[in-house]
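The values are calculated or read from the model by the stated rules, or taken from the named source; none is laboratory data. Everything quoted here is computed from the prediction, not taken from an experiment. In this analysis, Cβ positions are derived from the backbone assuming ideal geometry, glycine residues included, and neighbour counts consider all displayed protein chains.
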Amino acid sequence: MSTEEPVATPAESSISNKPVIEDRIYVGNVDFKATEEELKELFEGLKVTEVDIPFKENTRGEKTFKRHLGFAFVQFENKEEADKAIAEYNGKKFQRRHIFIKKAVPPPTEEEKKVRVEAFKAKREVYLAEKEKKKAEAAAAKKEKEASKAKDTPKGENGEDGKEKAPDGKPSSDTIFVTNLNYDVTVKTLNTLFKDLKPKWIHVPARKVPFHILKKNQGRRKNKGIAFVKFADEETQKQAVAEFNGKEINGREIIVDIAIDARTPKEEEVKEAQAAEEKVAAEVAKAVEAEAASKKASKEATEEATEEDSTPNEAAEENQEQ
């Protein structure tokens, strides 16, 4: 990496090498609320002839107000007085801030202002280019890390692409196994999908969620990305695989395969799971209703208290009118 400093243009060099005004100082980091009189008092004992705190006028609506810019210029009778001010007060605390002082330079010409603007733009372009470069490098590193992680992941029950597939075992004669489901798919969604094949039951395992989260989400929770669908016979089962494997549901292409008996839930287990879900849904609905009633009662009590507090005032107003 190069450590060379960029070469300054002649115009930039002329700005940085401008002769100072020997009897005038620049005061930086001045408190925004400080006045010219207060700054003059700071240099009491020195021969100050003029204090100037530059400001900017801002307008809000019909009001116009001045905002100090945080620096000032102080003019002295001679160079010696200015030198004393720098020696005695540079770095000293003035009101709420520590000021820094140096010799003032003449105001920039229009040409110098233009050079400063161009220099600022050039520096900003370099900064933005460096920022984009770092962003691209971070994205590339992240992509490489993900690729390396995917390469190192052993193949197994989840397959090469991470999608769960049916394990080895005896194939079912009437049930299919659906994977790569959108996590918002429900039994109702799949009932609509397979309605022409008249499934006997559908089981979409749901994720375990704490009760307070269920209550917050009005009983809604996401599935595990899989489902089991049982049909009347093997012919209908194979028809479902042929027709729906690769079909897009809620933005994802589902994978439909013959289920394995060892993994297929029994009808009693499906009914128990549905009953448990209905029970939880009822409890959530009850809790939500109770919370809503409590909030309503609290609101009504607050309104009643407000009305009671205002009654004496209304009576007093009536007496005053009388």
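For the residues Ala87, Ala119, Ala147, the requirement of being farther than 26 Å from Lys33 by Cα and surrounded by fewer than 15 Cβ atoms within 10 Å (Cβ to Cβ) singles out Ala147. Picking from residues in region 22-62 that are touching a residue at least 24 places away in the same chain (Cβ under 8 Å) and within 41 Å of the chain's Cα centre (by Cα), the one that is surrounded by the fewest Cβ atoms within 10 Å (Cβ to Cβ) is Lys33. Just one of the listed residues (Ala122, Ala82, Ala147, Ala138) is modelled with pLDDT under 85 and part of a helix (DSSP H, G or I), and it is Ala147.
Whether a residue is exposed (fewer than 11 other Cβ atoms within 10 Å of the Cβ), over 38 Å from the mean Cα position of the chain (by Cα) and either assigned by TED's automatic domain parsing to the domain that holds Val51 or of a type outside the set (A, V, I, L, M, F, W, C) (or both) was assessed, and Glu110 passes this test. Scan region 87-115 for residues that are of a type in the set (A, V, I, L, M) and within 11 Å of Asp23 (Cα to Cα) and the total you get is 2.
Of note, Ala227 satisfies the criterion of being touching a His at 6+ places or on another chain (Cβ under 8 Å), buried (at least 19 other Cβ atoms within 10 Å of the Cβ) and at pLDDT 75 or above.
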